[in-house]
Amino acid sequence: MNLPTEIKEAINRNNLVVFVGSGLSSKFGLPTWKNLAKDIITDINDKKFNDLLPLLESGLFSPIEVLDKIQEEHTKIRTYIKKHFKIEKSLDFSLHKKIFEVTNSIITTNYDNAFEEACSNTIVPSKYTSNFNISEINKSEKPYIFKLHGCHTEPDNCIIFSEDYKKLYEGDTASKEKLKSIFLDKTILFVGFSFSDPDINLIFSKLDKLLKIIFIISF
């Protein structure tokens, strides 16, 4: 991969943070937001929800808008996340391992355990639910995996609905303050996002004035 000069310089200065979206884990066959919403509605098989499917397929409603509409079924949604976002050890984590070769500072919005498996579980991830663990991020050269939207192992704490995003990014949260400090101090490489991704658009809208250097690689 032909990296921009700024990224190469950040690697040499140990100043690079990789911010990872769902595109990086797509090869593991994990469900997209759209498929998650479709699968839940199909499983519920209730007419009041089935009517949302053509709106989702046509793009009139985004996956998050549909999930908000079926939020009363949050237990089924969180059970689905716990079941479908665990990645087996036998799969190929070579791309994640290559990222660790250039930086040990990882932020991800993914629920899966790909980075944990890639480092043989030598790095305990920091989740947004622990203010103490978040406070320790980026204080030294210690490696970290910052799971910004939670983990499949704790589905009750995963960021899923609009109100979850609002609390995380608009509230007075340790996660938001940590992101600000990282974005001010580090060079950020976004991997596995696209400009149509609701995660990245929301992050840009809240933190765009604080970003230092951003490059995006989509998969």
Segment 153-208, residues that are within 18 Å of Ser135 (Cβ to Cβ), modelled with pLDDT of 90 or more and among the β-branched types (Val, Ile, Thr)
Ile182
Count of residues meeting criterion [closer than 15 Å to Pro143 by Cβ, in a loop (DSSP other than H, G, I, E, B) and open to solvent by less than 30 Å² (accessible area, probe 1.4 Å)] in segment 6-25:
1
Selected residue (criterion: least open to solvent (accessible area, probe 1.4 Å)) from residues of segment 91-126 that are over 14 Å from Phe146 (Cβ atoms) and hydroxyl-bearing (Ser, Thr, Tyr)
Ser94
Hey, any hits in segment 92-105 for a residue that's of a type outside the set (Val, Ile, Thr) and over 20 Å from the mean Cα position of the chain (by Cα)?
yes
For segment 95-110, state whether one or more residues are modelled with pLDDT of 95 or more and of a type in the set (Phe, Trp, Tyr).
yes
Take the residues in segment 26-43 that are β-branched (Val, Ile, Thr) and surrounded by 15 or more Cβ atoms within 10 Å (Cβ to Cβ); name whichever of them is nearest to Phe93 (Cα to Cα).
Ile40
In segment 85-116, what residues are outside any loop (DSSP other than H, G, I, E, B) and without any contact (Cβ under 8 Å) to a residue 60 or more places away in the chain?
Ser94, Lys97, Lys98, Phe100, Glu101, Glu116
Restrict the check to segment 74-90 and report whether at least one residue is open to solvent by 20 Å² or more (accessible area, probe 1.4 Å), within 30 Å of Ser140 (Cβ to Cβ) and not aromatic (Phe, Trp, Tyr).
yes
Taking Ile77 and the conditions (1) touching a residue at least 40 places away in the same chain (Cβ under 8 Å); (2) out of contact with any Phe, Trp or Tyr (no Cβ under 7 Å at 6 or more places or on another chain); (3) among the aliphatic types (A, V, I, L, M); (4) not in a helix (DSSP H, G or I), which numbered condition does it fall short on, given that it satisfies the others?
(4)
Tally up the residues in segment 50-65 that are part of a helix (DSSP H, G or I) and either free of Cβ contacts under 8 Å to residues at least 12 places away in the same chain or open to solvent by 80 Å² or more (accessible area, probe 1.4 Å) (or both), please.
6
Hits in segment 129-142 (condition: surrounded by 14 or more Cβ atoms within 10 Å (Cβ to Cβ) and in contact (Cβ under 8 Å) with a residue 12 or more places away in the chain)
Thr129, Ile134, Ile137, Asn138
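The values are calculated or read from the model by the stated rules, or taken from the named source; none is laboratory data. Since we're looking at a predicted model, the values are computed, not measured. Note: ideal-geometry Cβ built from the backbone for every residue, glycine included; neighbour counts use all protein chains shown. Surface areas here come from the heavy atoms of the whole protein model, side chains and all, with no ligands, DNA or RNA. Shrake-Rupley method; radii C 1.70, N 1.55, O 1.52, S 1.80 Å.
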